[in-house]
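Written out below as structure tokens is the structure these notes cover.
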Amino acid sequence: MKSILFLTSNNLATNPRLVKELELARQSYKCTVFYFNLSNWSDAIDAEIRTSMPDVVFKILPTGKEALFTWLFSSLIERLARLFYPPYKGSLRLNAFAHSKRSLLLWLAIRWHPYKYDLIIAHNLAALYPAYSFSKLHNTPFAFDLEDYHPGETIGVDSEDEINRRKYLMKDLLPAAAYVSYASPLIGKAFQDLLKDKIKPKHFLINNSFSSKDFKVTQEIVSEKLSLVWFSQNISFGRGLELVVPVLYKYREQISLTLIGSLNNAFYNNFLKVYDKVLIYVLPMRQKELHAILPSFDIGLAIELSAADSNREKCLTNKIFAYSQAGLYILATDTEAQKLFIAQNPKVGEIVEQTSEDFEVAIQAALTNAEEIKKGKMCRQEKARELAWEQESGKILEVWQHFV
């Protein structure tokens, strides 16, 4: 039986694309995954995912102070790599270790890993250099999943050098990949523009969609109120809720908003608390459990802020696909990626400018058309079958057949 090695700098619960690939791969291949224990709210969900895949070999690496020596050693190497970055910008290894200590930890973990594989697939940028290094060592093809445009993400410290490191790693290593998959058309374009005249590997779009079997929609109108939903790993500052929640509070007799995720206490105390009468809080849950409840809502909020970072302009999150597949009407902010998505799928929702005023106009219109929005759920879900994972997974299987 052929085998695939998956590498990620996150864990399973925070990486739905990896989990979907694993579920697909384990049907035909032996699978091994190296990933990190994050020691936070996601640990319980992570354990449930592992239990559901007893045939997959999981190698879990520590990240926190529970492994004190590892934490101190990797932090020291990361700091030294950043210190020596200016005179050694041409070193792949130094770029990788300065980018993230998890790149070092993954590299060390697999360097003396005794097994050979038929394909290596890396998720997240910190896994790219370890995947490349292991592939060179064992003459094995590697692939990379580009879920976000990493040079365009928010970078808090040493941002100019870090952007250059990320570009260097991608420009130098991705041409050697067997293939690159990406999560939106605009991320794909940015990746191709970055490589410019370099030889480009096989590359293709894999949308952040899910199995259509996850979403069960009925025509039943569950609530007299217009019910809105927003979900993320964390409910916190800077995610756009500041634009929307005060508007919804004005219409609290007619509307409710359910927030699903890990609630940041400071965000609750300093902002959300005064708007409690319009809000319902739900703890994070496994992806399939989330999908099971999404069809009970009417409208999904896809709030991405252009000011956050340039990646927000390019990305299409799993949120907008989950809303679509659940049959919800989508209010999506006007990032370039989401404008393109709504233009290509015009009946699933509408674009809203990133202002409270424009959201209020959209909410007033939604209240006026509430009955039509509720009744259109099944129609929207049927249309969204074209986006489902059943379609996307075929692209991956076809590529794997060439390399595995």
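The values are calculated or read from the model by the stated rules, or taken from the named source; none is laboratory data. Predicted model only: the values in this text are computed from it and were never measured. Don't worry about glycine lacking a Cβ; one is built from the backbone with ideal geometry, like all the others, and counts go over all protein chains shown. To get the accessible areas, we keep the full protein, side chains included, count just its heavy atoms, and leave off ligands, DNA and RNA. Shrake-Rupley method; radii C 1.70, N 1.55, O 1.52, S 1.80 Å.
By accessible area of protein heavy atoms, probe 1.4 Å, what ranking do TRP400, TRP71, TRP107 get, highest first?
TRP71, TRP107, TRP400
Given Cβ point charges of +1 (Lys, Arg) and -1 (Asp, Glu) and nothing else, what value in debye, to the nearest 20, does the dipole of segment 141-222 about its Cα centre take?
460
Rounded to the nearest 20 Debye, what is the dipole magnitude of segment 226-386 about its Cα centre when Lys and Arg each give +1 and Asp and Glu each give -1 at the C-beta?
580
Can you list the aspartates and glutamates whose alpha carbon is less than 14 Å from that of LYS202, not counting same-chain residues fewer than 8 positions off?
Partners within reach: ASP145, GLU398.
Listed here are the pairs LYS314/LYS395; LYS136/LYS213; LYS20/LYS101; LYS189/LYS374; LYS116/LYS167; LYS216/LYS277; which of them are more than 31 Å apart at the Cα?
Those over the limit are LYS136/LYS213; LYS189/LYS374.
Any idea of the accessible area per residue across the chain, 1.4 Å probe, to the nearest Å²?
Value for the chain: 44 Å² per residue.
With contacts defined as alpha carbon pairs under 8 Å and 6 or more residues apart, what's the relative contact order of segment 138-243 in percent?
Across segment 138-243, relative contact order equals 25 percent.
Taking a probe of 1.4 angstrom, what is the accessible area of CYS315 in Å², to the nearest 10?
0
On the full set of protein chains, 1.4 Å probe, figure out the accessible area of MET378 and give it in Å² to the nearest 10.
80
Among the helices of the chain (complete DSSP H runs), which have Cα atoms covering no less than 20 Å along the helix axis and a Kyte-Doolittle mean of at least -0.5?
Those that pass (Cα extent of 20 Å or more, hydropathy at least -0.5) are 68-83.
Just need the relative contact order of segment 226-386 here, percent rounded to a whole number, with Cα pairs under 8 Å and 6+ apart. Could the numbers behind the result be given before it?
On the way: 255 pairs, mean separation 37.3, N = 161.
Worked out over segment 226-386, it gives 23 percent.
Work out the length of the dipole vector of segment 317-384 about its Cα centre, built from +1 on the beta-carbon of each Lys and Arg and -1 on the beta-carbon of each Asp and Glu, and round it to the nearest 20 debye.
So the magnitude is around 500 debye.
Which of the residue pairs LYS250/LYS347; LYS30/LYS59; LYS59/LYS171; LYS30/LYS288 have a Cα-Cα distance greater than 20 Å in the structure shown?
LYS250/LYS347; LYS59/LYS171; LYS30/LYS288
To the nearest 10 square angstrom, how much accessible area does HIS113 have with a 1.4 angstrom probe?
20
Computing the accessible area with a 1.4 Å probe over protein heavy atoms, can you report the carbon and sulfur percentage for the chain?
Answer for the chain: carbon and sulfur cover 53 percent of the accessible area.
If GLU372, GLU304, GLU224, GLU360 are ordered by their accessible area, calculated over protein heavy atoms with a 1.4 Å probe, which sequence runs from highest to lowest?
I get GLU224, GLU372, GLU360, GLU304, largest accessible area first.
Just flag the trypsin sites (Lys or Arg not before Pro) in segment 42-75 sitting in loop per DSSP whose Cβ has no more than 13 other Cβ atoms within 10 Å.
none
Which whole-number percent is the relative contact order of the chain (Cα, under 8 Å, 6+ apart)?
Relative contact order for the chain comes out at 14 percent.
Using a basic spin-label model with each label point 7 Å from the Cα along Cα→Cβ, how many nm lie between SER52 and ASN264?
2.8
Which distance in nm do the two modelled labels at SER310 and VAL274 give, with both placed 7 Å along the Cα-to-Cβ direction?
Roughly 3.7 nm, to one decimal.
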